[in-house]
Amino acid sequence: MDDTAYDPAAEARWVPEPDKRPGRTAFQRDRARVLHSAALRRLAGTTQVVAPMRSDFPRTRLTHSLECAQVGRELGAALGCDPDLVETGCLAHDIGHPPFGHTGEEALDQAARSCGGFEGNAQSLRILTRLEPKRFAPPGDPATALSPRPGQGVGLNLTRAALDAATKYPWPHGAHPTDPASTKFGVYADDLPVFRWLRTGAPELRKCFEATVMDWSDDVAYSTHDVEDGIQAGHVDPAALRSAEERSELFKIADRYAEAEPEEFGAALDRLQGEEWWPRGYDGSARARAGLKDLTSQLIGRFCLAAEQATRARYGPGRLTRYAAELVVPQEVRVEVAVLKAVAVRYVMQRDEQAQLRARQRIVIAELADMLARTAPYGLDPVFAALYREAEDDRAALRAVIDQIATLTDASALALHSRLIESKAT
């Protein structure tokens, strides 16, 4: 692929370093670094919709990230992006999600209020640029406003374009471009130097094109694969989606994901149900399983092709990269995806047993944060114990504790909680 669409600034790293093996592109190196990182592997034990290994068809943050990466790589390449760059952004976009998924994220946000809150996407940037041990700034280099401190860890030291491609919310807390009350943000206050470096030359508050591809690929992967799993696990009955009462409840949930009237959601679901590949039922047979796989393939193709065609209609046939364009997704397609997201929420996440489990998980996170904050550096891994000891103030010390909890898997969070409870009892 012609690399002229990406200039030296896009391929720059926060800490310059030589290429150990000539012939690889900068973005191939980025992709390899994320694939081999401990932070990505950890996602195999982190909740996506339900807890890992609670069925014979586990869906975790890792499987979701791999699915997102496959979708994003092909869609990005079709539009002229470097496929390794888009895949890197997709693989890295959820790397900061804590144990227990969004439940853990909400509980950690409460625990971290006095140090700036917690947000999975801001944590992703923190891991990629600070916490994942791969590169350190040379000890003798003078620090500037946009450079790391001498000797500071700089995480995977990815390129500017790769970090930008993984940034879903390119703004700090409270700076959402359309909703000041939004809890979504992409950088903590003490990570602003690297954020400002990676956003050098970028339009304020605007995602790069590769990040818009990543964001849509995330939505597509979630809305298709999680519905597939829900049907296969017996939680979703395709026939129930024809009930007027069920549809009314679904559309209330879908309203979170797309601005549309109930009639639009109804028309979207009707369009999907009218396709020959839409399942009428599911009996677990080999033919039914094959039908589910075809459903997923059809939906992914439908959603990606619609975005590709709409984007080409607006911007033409050339290579689309960085800030030359924004991904265009037709409203009808956004509404279809919103309805599928609502199906996963209503029939999988909102089951009674899941609600009870989430309540227990919130307690575990809250108690972990309380116990570790009171006993630190005891109980912290060496990396986070060092950050705690080096903390300049109470906010930085608490952030080290939050970092420790955020890097746990579901299982290791429960195990650490049990150990700390037992040691407290004795």
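Computed over protein heavy atoms with a 1.4 Å probe, the accessible surface of region 280-362 works out to 50 Å² per residue. Under a model in which nothing but the beta-carbon of Lys, Arg (+1) and Asp, Glu (-1) is charged, region 279-343 shows a dipole of about 140 debye around its Cα centre. With a Förster radius of 30 Å applied to the C-beta separation of Arg314 and Arg271, the computed FRET efficiency comes to 0.85. Electrostatic bookkeeping for Ala78 treats Lys and Arg as +1 and Asp and Glu as -1; over the other residues with beta carbon under 14 Å from its beta carbon, the sum is -2.
A crude spin-label estimate for the pair Thr144 and Arg280, with each label 7 Å from Cα along the Cβ direction, gives 6.8 nm. Counting only the Cα atoms, region 87-223 fills a convex hull of 121 Å³ per residue. Take the Cα of Ala44, step 7 Å toward its Cβ, do the same at Arg374, and the gap between the two points is 3.6 nm. With R₀ fixed at 41 Å, the C-beta to C-beta distance from Lys293 to Ala355 puts the FRET efficiency at about 0.85. Of the Cα atoms belonging to the chain, the radius of gyration and Dmax stand at 22.0, 69 Å. Straightening the chain between Ala244 and Ala366 buys 39.9 nm, computed as 0.36 nm per residue apart minus the Cα-Cα spacing. Residues whose amide H comes within less than 5 Å of that of Val236, counting only those at least five positions distant or on another chain, are Ile231 (H built at 1.01 Å from N in the peptide plane). For Arg389 and Lys252, the difference between the fully extended length at 0.36 nm per residue and the C-alpha to C-alpha distance is 44.5 nm.
The amide H of Phe136, built 1.01 Å from its N in the peptide plane, has Val154 as neighbours under 5 Å, considering only residues 5 or more places off or on other chains.
A DSSP coil position with no more than 10 other Cβ atoms inside 10 Å describes none of the GluC sites (Glu not before Pro) in region 98-181. For the peptides 410-421, 329-340, the ranking by mean Cβ contacts within 10 Å, running from highest to lowest, is 329-340, 410-421. In this structure the amide hydrogen of Val187, modeled in the peptide plane, comes within under 5 Å of the amide hydrogens of Trp171, His173, none closer than 5 places in sequence on its chain. Solvent-accessible surface of region 178-224, averaged per residue with a 1.4 angstrom probe and all protein chains in place: 37 square angstrom. Multiplying the residue separation of Ala9 and Gln110 by 0.36 nm and subtracting their alpha-carbon distance yields 32.6 nm.
FRET efficiency for the Glu332 to Lys184 pair, using the beta carbon distance and R₀ = 25 Å, is estimated at 0.50. Counting only protein heavy atoms and a 1.4 Å probe, region 74-174 has 29 square angstrom of accessible area per residue. The packing ranking, built from the mean of other Cβ atoms within 10 Å per residue, places the peptides 161-169, 375-383 in the order 161-169, 375-383, highest first.
The lysines within cross-link reach of Lys134, meaning a Cα-to-Cα straight distance under 20 Å and a gap of 8 or more places when in the same chain, are Lys20. Straight Cα distances below 20 angstrom link Lys168 to the lysines Lys184, Lys207, Lys341, with same-chain residues fewer than 8 positions distant left out.
The values are calculated or read from the model by the stated rules, or taken from the named source; none is laboratory data. Because the structure is predicted, anything quoted here is derived from the model rather than measured. Quick reminder, even Gly has a Cβ in these numbers, built from the backbone with ideal geometry, and neighbours come from all protein chains shown. Please note that ligands, DNA and RNA were not included when accessible areas were found on the heavy atoms of the full protein model with its side chains. Shrake-Rupley method; radii C 1.70, N 1.55, O 1.52, S 1.80 Å.
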